[in-house]
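Below is one structure, written out as structure tokens; comments come after it.
The values are calculated or read from the model by the stated rules, or taken from the named source; none is laboratory data. These figures come from a predicted structure and were not determined experimentally. In this analysis, Cβ positions are derived from the backbone assuming ideal geometry, glycine residues included, and neighbour counts consider all displayed protein chains.
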């Protein structure tokens, strides 16, 4: 049985998670930080919420902005005091992007990362099979290892001829 205090904390934690849906990734604004899976934990120290986040990679330039946005959203909701703590271990992985986020990437024109694989083909220079987010063809080719941001590669669909970003697996 959950105590009244436990239920209250759970309700406040759920409220924080819902509020954080409004914090978008600055590089891909259709994704929330929840979709990306960078929210690791939400807890309370008395009435002060603490949000624990993990960057998509350790040098991610967006993390300072994301932290400021988290604090602003919480302040607007009445949490004048709040903390954001960044943890690097375990490191973030593209497997943490939720299904809703993967769907949003496709709709935005970015091929979502492949899910975890034990295939070692990439070690031999073989690119993953990437579906075009527009026509779903797998007849695609990598144009450049580097796309519009460091976490994406540039691909082209041979079927519909559209260029598109592919969110690299990490």
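Across region 112-148, which residue is nearest to residue 26 (Cα to Cα) among those that are outside any loop (DSSP other than H, G, I, E, B) and modelled with pLDDT under 75? Full working, then the answer.
So the first thing to find is which residues in region 112-148 are outside any loop (DSSP other than H, G, I, E, B), and the list is 121-124, 140-144.
Then keep just the ones that are modelled with pLDDT under 75; that gives 121-124.
Values: 121: 32, 122: 29, 123: 31, 124: 33 Å.
Within region 112-148, the match that is nearest to residue 26 (Cα to Cα) is 122.
Can you say whether residue 151 is in contact with a helix residue (DSSP H, G or I) (Cβ under 7 Å, 6 or more places away or on another chain) and at pLDDT below 85, as far as the supplied structure shows? Walk me through how you get there before you give the answer.
Working: in contact with a helix residue (DSSP H, G or I) (Cβ under 7 Å, 6 or more places away or on another chain): no; at pLDDT below 85: yes.
For residue 151, the condition - in contact with a helix residue (DSSP H, G or I) (Cβ under 7 Å, 6 or more places away or on another chain) and at pLDDT below 85 - is not met.
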Checklist entry - Is it the case that some residue within region 52-67 is under 21 Å from residue 133 (Cβ atoms) and loosely packed, with under 12 Cβ neighbours inside 10 Å? => result no
Item to check | The listed residue being at pLDDT 95 or above and surrounded by fewer than 12 Cβ atoms within 10 Å (Cβ to Cβ), out of 85, 76 | outcome: 76
Item to check | Any hit, region 35-50, residues being assigned to a helix (DSSP H, G or I), crowded, with 16+ Cβ neighbours inside 10 Å and in contact (Cβ under 8 Å) with a residue 24 or more places away in the chain | outcome: yes
Next on the checklist: Give me the residue from region 148-161 that is surrounded by 15 or more Cβ atoms within 10 Å (Cβ to Cβ) and free of Cβ contacts under 8 Å to residues at least 40 places away in the same chain and, out of that set, farthest from residue 61 (Cα to Cα).
Outcome noted: 157
